[in-house]
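Rule-based calculations on the coordinates, nothing more; no lab input. Quantities reported herein were computed from a predicted structural model and do not represent experimental measurements. All Cβ positions, even for glycine, are placed from backbone atoms using ideal geometry, and neighbour counts span all protein chains on display.
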Amino acid sequence: MGLFSRRRPEASLARDVLRRERPGERPLAVTTETYRGGLLVAGTTRVWVLDPGGSDGATVRLSRPWLDVLAGAWEPVTGTISVTWVDGGRAAQWTLGPGGDRFSAVFYERVAASVLVDAVVVLDDAEVGRVAIRRDLSDSSLVEQIVPARGVRRGDPQVAALCGEVLAELAESAGLR
């Protein structure tokens, strides 16, 4: 029996859960999360964290589209990936088990595939936000994102106006307006 003919039980479980939760979704990389437990799944359209052992085989702890990922940082020495979210929600940090290198590579590729264009917005020599036009990988629709920098109020009218201008320039340069 060759190396590639054996199916890992984690991959089969992930495939079954994704098929049940979101028909058409496929796992591209699966690894264990060694600190909190569970499975990390890089799907075609979403990133997933599964808790094995539920009545349906596993329960979904987290399921977010790739365009929700603001940034990810891979630390190969510790096998840890840190994730920040566009909505400013609590960051995630996962310690990857076997297959972690593949998971991190697919994670990077999927996030990059969701970014059409992006830019950092600077006001008075300080970063005040990031703007992007992202692709929802589930239906290829385009989503405009404005993400204030840490410490910048989301409702600041000067920042909002500047971010809106930069976003409009991005859309025009990408041929969307």
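Tabulated data
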| read-out | value |
| --- | --- |
| Long-range HN-HN contacts of residue 43 with modeled amide H, under 5 Å | 28, 48 |
| Helical mean residue ellipticity (222 nm; -39500 (n - 2.57) per DSSP H run of 4+; nearest 500) of the chain | -8500 deg cm²/dmol |
| Between helix 9-21 and the chain: long-axis angle, C-alpha atoms, 0 to 90°, nearest 10 | 60 degrees |
| Evaluated over the chain, the Cα radius of gyration and Dmax, each in Å | 18.3, 64 |
| For peptides 60-70, 19-29, sequence by mean Cβ density within 10 Å, most packed first | 60-70, 19-29 |
| Among 169-177, 35-43, the order from most to least packed when residues are scored by Cβ within 10 Å on average | 35-43, 169-177 |
